[in-house]
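Before any comments, here is the structure.
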Amino acid sequence: MKKILLIFGVLSLLIFLRPVLGFSGDVTPKDEIATVDEQQPTTDQGEGVFENATHGMQQFYNYTGFANATWGHIIMILIGIIFIYLGIKFDYEPLLLIPIGIGVIIGNIPFVAGNQTGIYETGSVLNYLYFGVVKGVYPPLIFLGIGAMTDFSSLIANPKLMLLGAAAQIGVFGTFLGALYLGFNLPEAGAIGIIGGADGPTAIFLSSKLANGVNILPDGTTVKNLIGPIAIAAYSYMALVPVIQPPIMRLLVSKEDRKIRMKPPRAVTQKEKMIFPVVALLLTTFISPSALPLLGMLFFGNLLKESGRTERLADTARTKLIDIVTILLGVTVGASTQADIFITKDSMMIFALGAISFVIATMGGLLFAKFMNLFLKGDNKINPLIGASGVSAVPDSARVVHAEALKSDPNNYLLMHAMAPNVSGVIGSAIAAGILLSFLA
Amino acid sequence: MMLLNMSLQVDQIGTGYVILLSGLLIVFSALLILSLFFKFGLPVMLYVYRIITKGRDKKIKDIPIAADENFTGEVAAVISTAIHMYLNEQHDDENAILTIKQARKLYSPWSSKIYGTHQKLR
């Protein structure tokens, strides 16, 4: 032990004393001068070392975050911290907000460009991970997991509730129109509109196809890269569904209507559950083939779950696989908010449009549910509140509906009924994405 | 240029309305077809399937859709909750390895052999 200490001590002494004693290699020409003059070179060399050191320190400082930080970076880091805080403290979709929040911080650490550090620099590790977002690889994998998690039986038991999922898609198209009026061009507006689908993977998928900064428009300009702002807007509003939806519900649905009890759904046979993914896949993708990557994987995952023979695959899809993809997706989407690219007027407008789209979608669902009630009689009547869960945001909006119904009648359990429009909202927004893609790509 | 820009903008919004209407129509029709299929198409299919299989294999007794009105999803939920709770409340796993732990006792004159009352006085 003593020997090791001794060796280390000698070595470190040598290393520290080397420049002082003049052993360094790059000052050999000066040594020759030193033979001419005895006194001069030692002080010269001392100064040179000092200068070198300060120069090195200066250079090091220039590479640090402190030197390169701008207000944008600091604001974005604060936003990242707020995301993490919201996720931990209020439990708003922590599985999304915490990866995204830490991603926002990672993406906004100031650095010197050119060292393959940042997410937008080709060749950096983050850039490779971001590939899955830019090329739309992650969203279908997430859909596979969602399919393997989702129980469509409440939808099969009461097929008319599927229309509520369609009604909420008015949020998509309404926002699309709003974005056009604000001056975005068609593909960008389409990508922004899909925020109203309240479905993170779908939003990323569509924006990676339409507003990816690569496509060239008919008039010669390139579309803007809006994946980051759109994904952040979609995910943050999805997390805020418990805040956005209840006031609209209370505004549009009267107290008596909120107390409507729906008759329990009938039991659905396993055969129906197995037929559903196959038939739904065929019907929906024949109508909207562009949504194939999303809907194909969604129903594939569901068949894995319902077939009863592939429990292992379904189990992987709904646990490990979706977890892995969520981690990668969350962090890279968060990191894509690099301040110099993210803080623009466009992003602010996208955030405003996103909030409006959620409001329109919720209203569309609620009003259509009331409209449907005009034609339904007796105990077939539906509680208009479940219309609000037609925006996807599975299963958060169904939970919000359930909680809201419990407030006006503590014995009215709407969760299972609300799941029906909720999952059909997922299908609906994927179809809407396919339509927008086929019109605009 | 300005005029061109304006006309382009107007044209864009016109296209926007077309997409809005056709898109909503398509989404509605897609989900409507799906719901109609599950309302009417599927029961017929299952019925046909039952008729076809009945000839070959008498043992298959399908549960007809909406035959058992009393067995609703809520009943199924109650039963499955009960089973779940029963399975979870079984005896919890305890460590099967038993060891005797040696306890060190502090010396105390109260329990000392030297000061015992049974000592023989010589």
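The values are calculated or read from the model by the stated rules, or taken from the named source; none is laboratory data. As the structure is a prediction and not an experimental result, all values here were calculated from the model. Cβ coordinates were reconstructed from backbone atoms using ideal geometry, including for glycine residues, and neighbour counts include every protein chain displayed.
Here the range A:271-311 is the region considered, the condition is being within 9 Å of chain B (Cβ to nearest Cβ) and over 30 Å from A:A191 (Cα atoms), and the residue that is farthest from the chain's Cα centre (by Cα) is A:K271.
Contact map, the range B:32-46: first residue under 15 Å from A:G165 (Cα atoms) and at the interface with chain A (Cβ under 7 Å from one of its Cβ atoms), second residue of a type in the set (G, A, S) and surrounded by 14 or more Cβ atoms within 10 Å (Cβ to Cβ), Cβ cut-off under 7 Å, separation 6 or more or different chains; pairs are B:L34/A:A280. For A:L78, the conditions (1) modelled with pLDDT of 90 or more; (2) over 22 Å from A:I343 (Cβ atoms) all hold with the exception of (2). Of the helices (runs of 4 or more DSSP H) lying entirely inside the range A:136-187, those containing at least 2 residues that are modelled with pLDDT of 90 or more and surrounded by fewer than 23 Cβ atoms within 10 Å (Cβ to Cβ) are A:138-149, A:170-181. In the range A:410-437, the residue that is nearest to the other protein chains (Cβ to nearest Cβ) out of those that are within 21 Å of B:V75 (Cα to Cα) and in contact (Cβ under 8 Å) with a residue 40 or more places away in the chain is A:M416.
Filtering A:I204, A:I248 for residues that are within 21 Å of A:L353 (Cβ to Cβ), in contact with a Ser or Thr (Cβ under 9 Å, 6 or more places away or on another chain) and not hydroxyl-bearing (S, T, Y) leaves a single hit, A:I248. Against the test of being aliphatic (A, V, I, L, M) and within 14 Å of another protein chain (Cβ to nearest Cβ), the options A:L385, A:L406, A:L366, A:L440 yield a single qualifying residue, A:L440.
Against the numbered list (1) within 16 Å of A:L161 (Cα to Cα); (2) in contact (Cβ under 8 Å) with a residue 24 or more places away in the chain, A:I350 comes up short only at (1).
Within the range A:308-319, being of a type in the set (V, I, T) and either at pLDDT 95 or above or surrounded by 15 or more Cβ atoms within 10 Å (Cβ to Cβ) (or both) holds for A:T310, A:T316. Count of the range A:161-171 residues, restricted to those that are over 25 Å from the mean Cα position of the chain (by Cα) and over 12 Å from A:G387 (Cα atoms), is 0.
On the stretch given as the range A:371-407, residues that are surrounded by 16 or more Cβ atoms within 10 Å (Cβ to Cβ) and farther than 26 Å from A:S236 by Cα total 5. From the list A:K305, A:K273, the lone residue that is buried (at least 21 other Cβ atoms within 10 Å of the Cβ) and in contact (Cβ under 8 Å) with a residue 12 or more places away in the chain is A:K305. The residues on offer are A:S438, A:S424, and the sole one that is crowded, with 24+ Cβ neighbours inside 10 Å, over 19 Å from the mean Cα position of the chain (by Cα) and polar (S, T, N, Q) is A:S424.
Remark: A:A314 matches the filter, which requires a residue to be of a type in the set (A, V, I, L, M, F, W, C), more than 14 Å from chain B (Cβ to nearest Cβ) and part of a helix (DSSP H, G or I). Looking at the structure I just gave you, is A:S307 closer than 22 Å to A:L281 by Cα and hydroxyl-bearing (S, T, Y)? Considered against the rule, which asks whether it is closer than 22 Å to A:L281 by Cα and hydroxyl-bearing (S, T, Y), A:S307 comes out as yes. For the range A:345-383, the set of residues classified as of a type in the set (V, I, T) and under 19 Å from the mean Cα position of the chain (by Cα) consists of A:I350, A:I356, listed by residue number. Of all the criteria given as (1) over 18 Å from the mean Cα position of the chain (by Cα); (2) at pLDDT below 90; (3) in a helix (DSSP H, G or I), the one not satisfied by A:E121 is (3). Being under 30 Å from A:I81 (Cα atoms) and either more than 14 Å from the chain's Cα centre (by Cα) or surrounded by fewer than 24 Cβ atoms within 10 Å (Cβ to Cβ) (or both): is that true of A:G193 here? For A:G193, the condition - under 30 Å from A:I81 (Cα atoms) and either more than 14 Å from the chain's Cα centre (by Cα) or surrounded by fewer than 24 Cβ atoms within 10 Å (Cβ to Cβ) (or both) - is met. Filter the range B:27-41 down to residues that are crowded, with 20+ Cβ neighbours inside 10 Å and of a type in the set (V, I, T), then give me how many there are. Going through the range B:27-41 one residue at a time, the tally reaches 1.
Against the condition more than 10 Å from chain A (Cβ to nearest Cβ), loosely packed, with under 13 Cβ neighbours inside 10 Å and modelled with pLDDT under 85, how does B:I79 come out, does it pass? When the stated conditions are applied, B:I79 does not pass them.
Yes/no matrix, rows are residues, columns are (1) among the aromatic types (F, W, Y); (2) more than 20 Å from A:F143 (Cβ to Cβ); (3) within 14 Å of another protein chain (Cβ to nearest Cβ):
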{"residue": "A:A191", "(1), (2), (3)": "no, no, yes"}
{"residue": "A:G196", "(1), (2), (3)": "no, no, yes"}
{"residue": "A:D199", "(1), (2), (3)": "no, no, yes"}
{"residue": "A:I204", "(1), (2), (3)": "no, no, no"}
{"residue": "A:G213", "(1), (2), (3)": "no, yes, no"}
{"residue": "A:T222", "(1), (2), (3)": "no, yes, no"}
{"residue": "A:A234", "(1), (2), (3)": "no, no, no"}
{"residue": "A:A239", "(1), (2), (3)": "no, no, no"}
{"residue": "A:I248", "(1), (2), (3)": "no, yes, no"}
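Would you confirm whether any residue within the range A:66-88 is of a type in the set (S, T, Y) and within 23 Å of A:I324 (Cβ to Cβ)? No, the conditions are met nowhere in the range A:66-88.
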